[in-house]
Amino acid sequence: SAKAAGKGCWCSFDVSLEDRGFRQRQLDADMRLALRSGEIALHYQPLVDLRSERVVGLEALLRWNKPGEGWISPTEIITIAESTGFIIEIGRWALRRACLDARSWPGLRVAVNISSIHVRRLDFHDEVAAILAETGLAPEGLEIEITESVLLDRESEVLTNLKRLRALGVRIALDDFGTGYSSLSYLTDFPFDKVKVDRSFVRDLQVRPEKIAVIEAIVTMARALAMDVTVEGVETRQQEAVLRHKQCGTAQGFLYSPARPAAEIRDLVRRLDTRKASVA
Ligand code: C2E
Ligand code: MG
Ligand code: MG
Ligand code: MG
């Protein structure tokens, strides 16, 4: 571009990289304000028990409707926040917000995604304990979702923190299982209560029978390790039927509902729960 050409020192930079850097700095500044002003919110997506066909939990997902721009992808927000360290503040905020909201939905566990950068901090379990005490949510009502990347280097801090969280009564789920750098040894080395099977295993279930075989193997393995299984990204009745047949515990996906604002959850859960009762 003319701008880049005009400054010799920028010649080696790709303009699109330059633009991306600009956008990231802008988003970084804007998200700090947006978190404080309440523009960034948590929405909640139901988890449905495939046997009872009832809602048993809710996953909190970050949502930012940025004025003039529209919805910003959580992945983009998280990536930037991880690079600046702001992710710690987002994590604390999300935990407190979700624990407060969860008190309106007794009997439903709330799951919060927490970045690896946050989990490995020495005082992470103290933070969680303090937020539970402050909000009055029972530890059993909270689940922490972490992705496999958190475990890659097998830091002892992570293991220690996860054990302490579990000692509190908080549940731990391994998110996006089956993607990235999965290693089966994670399942024996770390104290998970649940594995969440990535939606890439569900997407073309009907035309790729080998994917059903993999899900079946994960269910068998999880059962042997006394872990629950949630399958993500369930969009059709056909997928649901296969997963139920393979005895997956819970399912989550657009078939039931996308993530919705906290104020709508009570009605949404009632609707999903009675949907089946009225058919039976
Ligand atoms: P995740 O934790 O694996 O969350 C599931 C993602 O799948 C969500 O995307 C959800 O909207 C989407 N999803 C749910 N059901 C379906 C479906 O049936 N079909 C399809 N195609 N997608 C479905 P979302 O909200 O864009 O979040 C993306 C990722 O961003 C999350 O993946 C999580 O890793 C991260 N994330 C979201 N909120 C937070 C947060 O508060 N903190 C942190 N650290 N990460 C978050
Ligand atoms: Mg998750
Ligand atoms: Mg996931
Ligand atoms: Mg994910």
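The values are calculated or read from the model by the stated rules, or taken from the named source; none is laboratory data. Since the structure is predicted, the reported quantities are computational estimates derived from the model, not experimental observations. Cβ atoms come from the backbone with ideal geometry, glycine included; neighbour counts cover every protein chain shown. Areas reflect the complete protein model, heavy atoms only, side chains present, ligands, DNA and RNA absent. Shrake-Rupley method; radii C 1.70, N 1.55, O 1.52, S 1.80 Å.
Put a plus charge on the Cβ of each Lys and Arg, a minus charge on the Cβ of each Asp and Glu, and nothing anywhere else: the dipole of the chain about its Cα centre is then about 620 debye. Figure note: 118, 245 ranked by solvent-accessible area, largest first, 1.4 Å probe, ligands and nucleic acids not counted: 245, 118.
Relative contact order, percent, of the chain when contacts are C-alpha pairs under 8 Å separated by at least 6 residues? Here the relative contact order equals 18 percent.
Over all other residues within a Cβ to Cβ distance under 10 Å of residue 199, the charged ones net out to -2, with Lys and Arg as +1 and Asp and Glu as -1. Taken along the Cα-to-beta-carbon direction at a fixed 7 Å, the label points for residue 263 and residue 26 span 2.9 nm. Among 111, 241, 129, the largest mean-square fluctuation in a Gaussian network model of the chain (Cα springs under 10 Å) belongs to 241. Quote the relative contact order of the range 79-225 in percent (integer), defining contacts as alpha-carbon pairs under 8 Å separated by 6+ residues. This gives 18 percent for the range 79-225. Per-peptide packing, taken as the mean over residues of other Cβ atoms within 10 Å, places 45-53, 82-90 in the sequence 45-53, 82-90 from highest down.
Only protein heavy atoms count here; under a 1.4 Å probe, residue 69 has an accessible surface of about 90 Å².
For the chain, build the charge dipole from Cβ charges (+1 Lys, Arg; -1 Asp, Glu) around the Cα centre, then report which of 27, 200, 178 sits farthest towards its positive end. With unit charges placed on the Cβ atoms, the residue in question is 200.
Estimated from the Cβ-Cβ distance and a Förster radius of 45 angstrom, the FRET efficiency linking residue 203 and residue 133 is about 0.65. Positive end of the dipole of the chain (Cβ unit charges, origin at the Cα centre): among 251, 78, 220, the Cα lying farthest that way belongs to 251. Here the label points at residue 255 and residue 79, each 7 Å from Cα along the C-beta direction, are separated by 3.0 nm in the simple model. For the chain, the ratio of Cα radius of gyration to the globular rule of thumb 2.2 N^0.38 Å stands at 1.09.
Summing +1 for each Lys or Arg and -1 for each Asp or Glu among the other residues whose beta-carbon sits under 14 angstrom from that of residue 68 gives -1. Sorting 202, 207 by solvent-accessible area of protein heavy atoms yields 207, 202, largest first, with a 1.4 Å probe.
Computed over the range 11-162, relative contact order equals 19 percent, with contacts defined as Cα pairs under 8 Å that lie 6+ residues apart.
Neighbours of residue 213 by Cβ distance under 14 Å: Lys/Arg scored +1, Asp/Glu scored -1, total 0. Stokes-Einstein diffusion for the range 124-280, with the hydrodynamic radius set to the Kirkwood value over Cα pairs and evaluated at 20 °C in a medium of 1.002 mPa s, equals 125 µm²/s.
Across 214, 110, 229, mean-square fluctuation computed from a Gaussian network of the chain (C-alpha pairs under 10 Å connected) peaks at 214. With contributions of -39500 (n - 2.57) from each DSSP H run of at least four residues, the per-residue ellipticity at 222 nm computed over the chain stands at -14500 deg cm²/dmol. Within the full protein context, the accessible area of residue 271 is estimated at about 150 Å² for a probe radius of 1.4 Å. In a simple Cβ point-charge model (Lys, Arg +1; Asp, Glu -1; nothing else charged), the range 102-245 has a dipole of about 360 debye relative to its Cα centre. Estimated at 0.36 nm per residue, the fully extended path between residue 160 and residue 122 surpasses their Cα-Cα distance by 12.8 nm.
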